[in-house]
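**Student:** Sharing a structure, written as structure tokens. Questions coming.
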Amino acid sequence: MVDEPTVVWATPSGAPERLEWRGRRWLVCARPVPWIDRVPWWLGVPRAPKGGAAGLVEQPMWRVQAMDSSGSDVVGLDLAVGTTGDWWRVTRVYE
Amino acid sequence: MADGFTHLDVASALSAHYGTATPEDLVAAAAAAGATSAALTDRDGLYGAVRHIRACLAAGLRPIVGVSVQIAASSGGHGGAIEVATRGDALQAPSPAEVGVLAHGHDGGAGWAGTSRLISAAHHPPRALRRVLPHGSANRGAILDPARFSAFLLGPDGRPTATVLLGPDSDVGRALVVGDASEARVRLDGWTRRLPGGVAVEVVCHHTRPGTPRSLAHAAATWQLAVAAGVPAVLTNQVRYLRPDDAVTGDVLDAAAQLLPLGRAVAQPNAQAWLKPPARMRQLARRIADYAGFGVVEADRLCAATEELAERCVLDPVGDIGWRRPKVPELEALGLQGDPQAILAGRARAAIAWRYPDAPSGTRRAVEDRLEAELRVIAGFGFAGYFLTVADVADLIRGMGVRVQARGSGAGSLVNYLLRISSVDPLVHGLLFERFCGVARTTLPDIDLDVEAARRHDVDRAVVARYGEHRVALLAMQNRYRARGAARDAGLALGWDEERIGRLAGSLWRLNASDIRDALDDHPELAELSERIGGDPSLDLLVDLAGRLDRLPRHVSMHPCGVLLSDAGLLSLTPVQPSGAGVHMSQFDKDDIDDLGLLKLDILGVRMQSSLAYAHAEIVRVHGTRAALAGGLPPDAPYVAPDGRIDLDGLPRDDPATFTLIRSAHTLGVFQIESPGQRELVGKMQPDQFEDLIADISLFRPGPMKADMVNPFIERKLGLVPVRYPHPRLAPILAGTYGVVIYHEQVLRILHECMGVGLAQADELRRAMGDDMAAVEAAFRTRTAARRDEAGERVFSGADIDRIWTVLEGFGSFGFCKAHAAAFAWTTYQTAWLKAHYPAEFLAGILEHDPGMYPRRLLMTEARRLGVPLLPIDVNVSTDHYVVEQDVAGLGIRLSLRDVHGITGVEIRRILDRRPYHAISDFYLRAAPSRALVTRLAAIGALDSLALHEHGIVPCRDLDGPPRTAHTRGDVIAYVRRLVAAKHRPSAREDAPPLPVFVDDAPLMPSGTPDPTPLEQTAADLDATSAELHDHIIEGYRPLLEEVGVIPAAALLDLRSDTRVFVAGIRVATQTPPMKSGKRVVFLSLDDGSGVADCAFFTEAQARSGPVLFGVPLLLVQGRTRRTGARGISVQAEQAWDLKRMWADWSRRLAA
């Protein structure tokens, strides 16, 4: 498991197409699978009143197969959708 | 419907520690989304089913009911758990697989019955399946072998009566998650073979991490398997909450269920398990189809199949479960045959002569007329079987020698009185049958039976033995989160340590969880706590989380008194599970019973009844034929049998000694009137007749007290204010209560008199006053204005109507059912009578069964006040009961061995079996008490009587004086210390080497050791028994009390009102009754050995006193006296202090 920043270019519907990660450029080469992870909201959130916590629990994710620009390296990645612009995070790498 | 969607897997909050929404909220949401049906499938039972059906009927939705149940692992395969969490630190026993069961409907109840019985079987797993489960509700006890499903879910024609849903957590789903498709197929084939036509595959996609259950891939694979196997597939969302926001609540519940903090508990994978609207579900179907390589047609098919299954499962409440149709035991179960109405009428008529032996003919005729009227109503409803059943149960209980008495509105029925179900004469007290059993009633009336608490389980078992397990079940009770529990679980979830949680939770007193935030701000005693904890930001979060838990069900337990008695179809109607009390328990609670048409008897174990029985037994044992003489009763009293047995239900209701006692307000131990507030009321009211007691009990409730109905009653009774009636015609109705409207029965009579409606309809109107006062007022005005006499004149003028309506409206919802109060008042009277005539026996009964609100030590103070000596615990005399014993000073009560801390039942048995003891060492040897126990016994003087020997010779005893001993208690304590210090306890084994046999302590006992000081003795008493056996604990503070000028409680009555005083004592009661002003007032009662001082703290006094008010046992209070009536006095407090701390400061200052 990791926690590394990445810049992601996504389609209009939000699916990742290209990304820059660990100093290299990668291309998403298979159909990405959207999924939803959870976050440990209890660690940081100050309040969670009834009715006011809808966004606290979930973290949208994409499982992607990415190929580097040389075409030789292929990895599986879990990408956590970022909230600010194009900055997302890589949370897991599958060799 | 082309664009609708029915959720077939929905868990409500009745799935304890799992669901977060009420059945009602779920139905409302389904209705709002345009559904035509709604399903509920709680875990392990039908706990929410009746509420669900009721909500559906109200919303015009068709109800579907099912359950989610764990299945046992068969050999091999993937019946065990797959742990999803990637964090491996949560130690979990692998959780079993799980399937859903949806009952088919419109089949005469076959689907519901099969599901019900299946659930019952799951809750009674065979030994082979029972697992040793760690604590926490996450570990569910109900589990069923898949091989047994067909026995419950296949009808006689081999067709299924329910559909099993095989979802992500089933054995099929789990095989698919690990990619074992062939195993999954084998499993699925197993299910379809066992339940042909009764299986569906449940497709659930929560978009979880790929490779885990409920992921897109998992959902697709599940669907593909179904298609390949030709089994119907349906789409659900495995719902456990209403909205995504509720997922936070779900997280807290998961932590609570696993007894672990968040972070260590296995958490749900995301927040997708909510009641998604139809459009989203259809979109989800298309997404899964897309992933699985299916097209839109297949996606629509999936949704259509879901709706088809829903159709099959729509219930017909009347046809399937006899909705609101009464079900009573068959006559054969009562040992009767014939026409129930005829049997009932015959028995009731035959009993008139017994209940009204010397009645003049006028009374006799009134009784007969009333009986016939009641019988007509009973016949009209077809309730004869109900009354015969209740009478049978009452006879059964009485036949066991157990006291039984009906409580509640049932006491208003003459039939009940004649059948000996109740002990209160309804005609004498003007009670009404219509208040109990009115015209619009379609379901069975409610009768409650009070029985001796100590025998309640015997009674339950006897009822089961008589009617059979297939007709009897106990009732469930849903325990909900209140402030304390919610704060505690929220704190645990956030990882707070036990001590911090304890401090917060311990100060939250009788609050709803949603009110915690306000309480922290408003209540002065929480101010300090709030500040201390307020530094921590997680307090805010904790309070938010606790608020989310507000009123959610926490766990289900056995209702303390509800018993269901039904016809032989009970177990087809309700699932049952173990209750812990030896009789199985229905999963339904008291609010579900009416709709199911079930007969519920509340058999309440009332400790006071046990006390009455015990006191009575003591009277007979101690006095026998001289019982009447001993109680100061006339020798020819008809209620005392020659052998001394007293008919407590046949006492005269006008005994002067009893009322004198009540008026004195020395009513500790007397049923219902021993609280400080009641003593004040009784002191003011000065009751002198039984009707006054009924009124007292009716008035001492939040409603009348807040509405200030009490003072007008007292003023009129005492003649301070003239009695006036709203209209002369109402005088006969209100004369008994001095013109004040107190009872429901009076309202009924007033409405009847004014409007000309029948009494049953009047009861409907009375109930309607709670919901729609304006409608009742309109009807009242119209019909009363229309009443004409023979001359055609209006009976009631406009002014009359205004005046009468003002009275009725003011009465509002504050009235009380007189029948209920009369039944209570009867027990009040009986206990007061016993206290007045047989104080020692009475107190023995109270000490034995501890029925009241006060601790034992206060009852002991009361005994001393009454001059009933308390005889010390003595290993040669005391038993495991409180026993009345003749002493030189009169009748005393021998204290019980039970009271010694830490003594076990085995030790008590040994002490009793092996006496008499001749010496302390003899006792230590043969009774073999633990070292701690014998040390305690020595400290409280229980061994003193064994220290009589002096040099082996027993000295002569004065016949009148106490036994003389040459040794002091200090000697005894020192001797015992030596005995226990010896490395080897002397043993009584025959083959042991000959030890010096301690037949005689004397040579080894020290002499002249000083006794403990009074303070030491009191401390030893309290440590050993939680009560002072010698001096009251307050005596230890005597020097400080004298310096401050503290007045004994008993001396307060001699003071004038508004005198400034200091009182001190140990707290015995703390109450915050609802007040007219709405502001909180705290009432404290302090016991100082001379009596009880009742202190009232208003707002400023509360602020001045702070946390001392609730937290500290020994208090010093300053205030001003306030007379509250002829014999009443209380203290309006200005401030309270911690007495122990004051003493410490004071002693230190003295020493310096």
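The values are calculated or read from the model by the stated rules, or taken from the named source; none is laboratory data. Note that the structure is predicted; figures quoted are calculated from it, not measured. Ideal geometry is used to build each Cβ from the backbone, glycine not excepted, and the neighbour counts take in all protein chains shown. Ligands, DNA and RNA are stripped out before the accessible areas are found, and what is left, the full protein with its side chains, is counted by its heavy atoms. Shrake-Rupley method; radii C 1.70, N 1.55, O 1.52, S 1.80 Å.
Conditions tested, residue by residue: (1) more than 38 Å from the chain's Cα centre (by Cα); (2) at pLDDT below 90; (3) assigned to a loop (DSSP other than H, G, I, E, B); (4) over 30 Å from residue B:465 (Cβ atoms).
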residue	(1), (2), (3), (4)
B:337	no, no, yes, no
B:344	no, no, no, no
B:347	no, no, no, no
B:351	no, no, no, no
B:358	yes, yes, yes, yes
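**Student:** Can you tell me which residue is nearest to residue B:227 (Cα to Cα) among those in segment B:250-261 that are open to solvent by 10 Å² or more (accessible area, probe 1.4 Å) and within 12 Å of chain A (Cβ to nearest Cβ)?
**Tutor:** B:254
**Student:** Out of segment B:836-861, which residues are open to solvent by 20 Å² or more (accessible area, probe 1.4 Å), among the small types (Gly, Ala, Ser) and modelled with pLDDT of 95 or more?
**Tutor:** Listed by number, the list holds a single entry, B:836.
Every residue, every condition in (1) within 14 Å of chain A (Cβ to nearest Cβ); (2) outside any helix (DSSP H, G or I); (3) more than 24 Å from residue B:258 (Cβ to Cβ), yes or no:
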position: B:459; (1), (2), (3): no, no, yes
position: B:478; (1), (2), (3): no, yes, no
position: B:485; (1), (2), (3): no, no, no
position: B:490; (1), (2), (3): yes, no, no
position: B:495; (1), (2), (3): yes, yes, no
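**Student:** Out of A:22, A:47, A:38, A:63, report the one residue that is on the phi > 0 side of the Ramachandran plot and without any contact (Cβ under 8 Å) to a residue 60 or more places away in the chain.
**Tutor:** From the options A:22, A:47, A:38, A:63, the qualifying one is A:22.
**Student:** Considering only segment B:26-56, state which residues are out of contact with any strand residue (DSSP E or B) (no Cβ under 7 Å at 6 or more places or on another chain), assigned to a helix (DSSP H, G or I) and not charged (D, E, K, R).
**Tutor:** If the condition is that a residue be out of contact with any strand residue (DSSP E or B) (no Cβ under 7 Å at 6 or more places or on another chain), assigned to a helix (DSSP H, G or I) and not charged (D, E, K, R), then B:28, B:29, B:31, B:32, B:55 are the ones that fit.
**Student:** While we're on this one: Which of (1) away from every other protein chain (no Cβ under 11 Å); (2) of a type outside the set (Asp, Glu); (3) touching a Ser or Thr at 6+ places or on another chain (Cβ under 9 Å); (4) buried (at least 22 other Cβ atoms within 10 Å of the Cβ) is the odd one out, the single condition residue B:247 does not satisfy?
**Tutor:** Just one mismatch for residue B:247, condition (1).
**Student:** Anything in segment B:662-683 that is in a helix (DSSP H, G or I) and surrounded by fewer than 21 Cβ atoms within 10 Å (Cβ to Cβ)? List them, or say none.
**Tutor:** B:663, B:677, B:678
**Student:** Turning to a different aspect of this structure: What helices (runs of 4 or more DSSP H) completely inside segment B:1074-1152 contain at least 2 residues that are at pLDDT 90 or above and over 30 Å from the mean Cα position of the chain (by Cα)?
**Tutor:** Those helices (runs of 4 or more DSSP H) span B:1099-1105, B:1139-1151.
**Student:** Could you check residue B:884 against (1) under 27 Å from residue B:619 (Cβ atoms); (2) surrounded by fewer than 23 Cβ atoms within 10 Å (Cβ to Cβ) and say which number it fails?
**Tutor:** If we test residue B:884 against (1) under 27 Å from residue B:619 (Cβ atoms); (2) surrounded by fewer than 23 Cβ atoms within 10 Å (Cβ to Cβ), just (2) comes out false.
**Student:** Can you tell me which residue within segment B:543-577, out of those that are surrounded by 16 or more Cβ atoms within 10 Å (Cβ to Cβ) and in contact with a Phe, Trp or Tyr (Cβ under 7 Å, 6 or more places away or on another chain), is farthest from the other protein chains (Cβ to nearest Cβ)?
**Tutor:** Among those residues, the one meeting the criterion is B:565.
**Student:** Sticking with this structure for a sec: For residue A:48, are the conditions met, namely being part of a loop (DSSP other than H, G, I, E, B) and either within 14 Å of chain B (Cβ to nearest Cβ) or surrounded by 20 or more Cβ atoms within 10 Å (Cβ to Cβ) (or both)?
**Tutor:** Here the answer is yes, as residue A:48 does meet what is asked.
**Student:** Looking at (1) under 30 Å from residue B:255 (Cβ atoms); (2) exposed (fewer than 14 other Cβ atoms within 10 Å of the Cβ), which is the one condition that is false for residue A:70?
**Tutor:** (1)
**Student:** Suppose we keep only residues that are more than 39 Å from the chain's Cα centre (by Cα) and not aliphatic (A, V, I, L, M) within segment B:928-947. Which one would you say is nearest to residue B:913 (Cα to Cα)?
**Tutor:** B:945
**Student:** While we're looking at this one, here's another question. Hey, can you tell me all the residues within segment B:19-77 that are free of Cβ contacts under 8 Å to residues at least 40 places away in the same chain, under 25 Å from residue B:548 (Cβ atoms) and not hydrophobic (A, V, I, L, M, F, W, C)?
**Tutor:** Answer for segment B:19-77, where residues must be free of Cβ contacts under 8 Å to residues at least 40 places away in the same chain, under 25 Å from residue B:548 (Cβ atoms) and not hydrophobic (A, V, I, L, M, F, W, C): B:22, B:23, B:24, B:42, B:48.
**Student:** If you go through segment B:411-436, how many residues are part of a helix (DSSP H, G or I), within 21 Å of residue B:346 (Cβ to Cβ) and not β-branched (Val, Ile, Thr)?
**Tutor:** Adding up the residues that qualify gives 5.
Here's the yes/no breakdown for (1) without any contact (Cβ under 8 Å) to a residue 24 or more places away in the chain; (2) under 36 Å from the mean Cα position of the chain (by Cα):
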{"residue": "B:130", "(1), (2)": "yes, yes"}
{"residue": "B:137", "(1), (2)": "no, yes"}
{"residue": "B:143", "(1), (2)": "no, yes"}
{"residue": "B:147", "(1), (2)": "no, no"}
{"residue": "B:151", "(1), (2)": "yes, no"}
{"residue": "B:155", "(1), (2)": "no, no"}
{"residue": "B:158", "(1), (2)": "no, no"}
{"residue": "B:163", "(1), (2)": "no, no"}
{"residue": "B:167", "(1), (2)": "no, no"}
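**Student:** Step by step: first the residues of segment B:459-498, then only those that are farther than 13 Å from residue B:543 by Cα and among the small types (Gly, Ala, Ser), then the one that is nearest to the chain's Cα centre (by Cα). Which residue is that?
**Tutor:** B:476
**Student:** Separate question: So which residues in segment A:14-45 are away from every other protein chain (no Cβ under 12 Å) and either touching a helix residue (DSSP H, G or I) at 6+ places or on another chain (Cβ under 9 Å) or open to solvent by less than 30 Å² (accessible area, probe 1.4 Å) (or both), if there are any at all?
**Tutor:** Selection gives A:14, A:15, A:16, A:19, A:21, A:26, A:28.
**Student:** Just give me the residues in segment B:618-661 being under 24 Å from residue B:691 (Cα atoms), surrounded by 17 or more Cβ atoms within 10 Å (Cβ to Cβ) and in contact with a Ser or Thr (Cβ under 8 Å, 6 or more places away or on another chain), in sequence order.
**Tutor:** Within segment B:618-661, just B:661 meets the criteria.
**Student:** Got at least one residue in segment B:512-524 being within 14 Å of chain A (Cβ to nearest Cβ) and within 29 Å of residue B:67 (Cβ to Cβ)?
**Tutor:** yes
**Student:** Check residue A:90 against each of (1) hydrophobic (A, V, I, L, M, F, W, C); (2) closer than 28 Å to residue B:547 by Cβ; (3) touching a residue at least 60 places away in the same chain (Cβ under 8 Å) and name the one condition it does not meet.
**Tutor:** (2)
**Student:** Being open to solvent by 10 Å² or more (accessible area, probe 1.4 Å), over 30 Å from residue B:489 (Cβ atoms) and either within 13 Å of chain A (Cβ to nearest Cβ) or among the β-branched types (Val, Ile, Thr) (or both) narrows it down to one of B:264, B:282, B:287, so name that one.
**Tutor:** Answer to the selection: B:287.
**Student:** Of the conditions (1) within 14 Å of chain B (Cβ to nearest Cβ); (2) farther than 26 Å from residue B:246 by Cβ, residue A:73 satisfies every one except a single condition; which number is it?
**Tutor:** Checking residue A:73 against (1) within 14 Å of chain B (Cβ to nearest Cβ); (2) farther than 26 Å from residue B:246 by Cβ, the one that fails is (1).
**Student:** Something else now. Among the residues of segment A:84-95, which ones are more than 16 Å from residue A:32 (Cα to Cα) and surrounded by 10 or more Cβ atoms within 10 Å (Cβ to Cβ)?
**Tutor:** Hits for segment A:84-95 are A:86, A:87.
**Student:** Looking at residue A:6 and the list (1) more than 9 Å from chain B (Cβ to nearest Cβ); (2) over 30 Å from residue B:492 (Cβ atoms); (3) free of Cβ contacts under 8 Å to residues at least 40 places away in the same chain; (4) surrounded by 14 or more Cβ atoms within 10 Å (Cβ to Cβ), which single condition is not satisfied?
**Tutor:** (3)
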